[in-house]
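What follows is one structure encoded as structure tokens, with my remarks underneath.
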Amino acid sequence: MKNNEIELRRLVCTCCGEETDENNSHSFSGELLCDNCYFEETVECEHCGCRIWSDDNSGSDSMPLCGSCYDNYYTTCEDCGRIIHRDYANYVDDYDDIPYCDSCVEEHRSHSIHDYSYKPEPIFYGDSSRYFGVELEIDDGGKDSDNADELLQIGNKSEEHIYIKSDGSLSNGMEIVTHPMSLNYHKTKMPWEEVMRRAVQLDYRSHKTSTCGLHIHVNRTTFGSTREAQDECISRVLYFVEHHWLELLKFSRRTEYQMNRWAARYGYKSNPKEILEDAKKGSNGRYACVNITNWNTVEFRMFRGTLKYNTLIATIELVDKICEMANMVTDKEMTSISWSDFVSCLDDDTAPELITYLKERRLYVNSPVDEKEDD
């Protein structure tokens, strides 16, 4: 050969038709494959190490398996679709042949943690025209039926106040949901402090996660007896949220990115009715700062989760004051209300936790106080 160089034989990949050579080709299943096609079109069985066509993968992208190994050694979780070894598959009872992974089997073994779609007949607590249903997401402590039982026992020791649901947005946790309660009932009868304290002891977190939210539902009837009257008040709620977005973003303890993902704003307009019309035509669905898609409730979704009592009650008090103001003022009056006007109308008798929290977050008109960290 010229200059003692070895001339490599030129070959053609039977998969892509591109030229290759002996150093960059592979013989597989009677076919000649270039490097790219070999590693893109075939995978190695995680169990036996044999190479198979990707289309023949009986496992998953993260755990490729040949058909023989899957049939003999593996199965698939009925709920989440995760591939699991048969030795580690779980079954609800001796008569059930449906396999579940460790995480999903807990939900089926326990009546304590309901499916996300679970929605019981509401029980109203307290004497009021305005009721608040709280959805508090907690994470990192496990979707564990024993933990759920403990929290239910505390929350429901006198009345059926709460139930617990699973939530796919959480990594390893669950969602505490209350029946609708008046503000006063949340503050005086619902054992929030005990529930939250025990959740922290069980290693749950809410604020200190990237997954948890605090959602407050308000009954639509608090805004009026007809749909038209309700919409008029709700439009003023939306205007307040948009007009004071920066203050509420700071109050929420969420980042702009988190807001855009879970509680996006509708966009500022010059008057309440324009914002409501845009909201009705918008594409946010329920993932909006104020979700108006439910028939019976308006849902405030902008707040980050918390296991701190003051923060929780302050959030309900804030929502109460926004709703109260939307009922009392006209559209024109709403457009002229500044944040300072809003907070200066608060008093210690009706919103003590809210005032304390606003001072902690440097959102009050008076001197701030030291902020205490949330869980």
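Conditions (1) touching a residue at least 40 places away in the same chain (Cβ under 8 Å); (2) closer than 30 Å to D71 by Cβ; (3) in contact with a Leu (Cβ under 6 Å, 6 or more places away or on another chain), marked per residue:
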| site | (1), (2), (3) |
| --- | --- |
| D87 | no, yes, no |
| V105 | no, yes, no |
| H111 | no, no, no |
| D139 | yes, no, yes |
| G155 | yes, no, no |
| K165 | yes, no, no |
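Residues of the range 71-82 that are in contact with a strand residue (DSSP E or B) (Cβ under 8 Å, 6 or more places away or on another chain), closer than 27 Å to Y38 by Cα and either of a type in the set (K, R) or open to solvent by 50 Å² or more (accessible area, probe 1.4 Å) (or both): Y73, R82.
Within the range 301-323, does at least one residue satisfy the condition of being open to solvent by 10 Å² or more (accessible area, probe 1.4 Å), farther than 22 Å from R130 by Cα and not in a loop (DSSP other than H, G, I, E, B)? Scanning the range 301-323 turns up at least one residue that is open to solvent by 10 Å² or more (accessible area, probe 1.4 Å), farther than 22 Å from R130 by Cα and not in a loop (DSSP other than H, G, I, E, B). With respect to (1) outside any helix (DSSP H, G or I); (2) more than 30 Å from D115 (Cβ to Cβ); (3) hydroxyl-bearing (S, T, Y); (4) at pLDDT 90 or above, the lone exception for S58 is condition (2).
Being modelled with pLDDT of 95 or more, part of a loop (DSSP other than H, G, I, E, B) and open to solvent by less than 30 Å² (accessible area, probe 1.4 Å) is a description that applies to G141. Of everything in the range 253-262 that is touching a strand residue (DSSP E or B) at 6+ places or on another chain (Cβ under 8 Å) and either assigned to a helix (DSSP H, G or I) or of a type in the set (D, E) (or both), the residue that is surrounded by the fewest Cβ atoms within 10 Å (Cβ to Cβ) is Q258.
Scanning the range 263-300 for residues that are part of a loop (DSSP other than H, G, I, E, B), farther than 13 Å from H217 by Cα and open to solvent by 80 Å² or more (accessible area, probe 1.4 Å) yields R265, Y268, S283, Y287. Flag: S206 does not match the condition of being buried (at least 22 other Cβ atoms within 10 Å of the Cβ) and more than 17 Å from I316 (Cα to Cα). Within the range 218-229, identify whether any single residue is charged (D, E, K, R), over 30 Å from W192 (Cα atoms) and in contact with a helix residue (DSSP H, G or I) (Cβ under 9 Å, 6 or more places away or on another chain), and answer yes or no. Among the residues of the range 218-229, at least one is charged (D, E, K, R), over 30 Å from W192 (Cα atoms) and in contact with a helix residue (DSSP H, G or I) (Cβ under 9 Å, 6 or more places away or on another chain), which makes the answer yes.
Scanning the range 233-282 for residues that are among the small types (G, A, S) and either under 24 Å from the mean Cα position of the chain (by Cα) or at positive phi (or both) turns up S252, A263, A264, G267, A279, G282. Taken over the range 83-98, the criterion of being modelled with pLDDT under 90 and either surrounded by 17 or more Cβ atoms within 10 Å (Cβ to Cβ) or acidic (D, E) (or both) is satisfied by N90, D93, D94, D96, D97.
Taken over the range 153-178, residues that are surrounded by 20 or more Cβ atoms within 10 Å (Cβ to Cβ) and not acidic (D, E) amount to 11.
Using the structure shown, decide if K372 is at pLDDT below 95 and either exposed (fewer than 13 other Cβ atoms within 10 Å of the Cβ) or among the hydrophobic types (A, V, I, L, M, F, W, C) (or both). Yes, satisfied.
Considering only residues of the range 324-341 that are hydrophobic (A, V, I, L, M, F, W, C) and under 30 Å from the mean Cα position of the chain (by Cα), which is least open to solvent (accessible area, probe 1.4 Å)? Step by step, filter the range 324-341, then rank; the result is A326.
The values are calculated or read from the model by the stated rules, or taken from the named source; none is laboratory data. Since the model is a prediction, treat every value here as computed from it, not as a measurement. When we count neighbours, we look across all protein chains shown, and the Cβ atoms used for this are built from the backbone with ideal geometry, even at glycine. All accessible areas refer to the heavy atoms of the entire protein, side chains included, with ligands and DNA or RNA removed. Shrake-Rupley method; radii C 1.70, N 1.55, O 1.52, S 1.80 Å.
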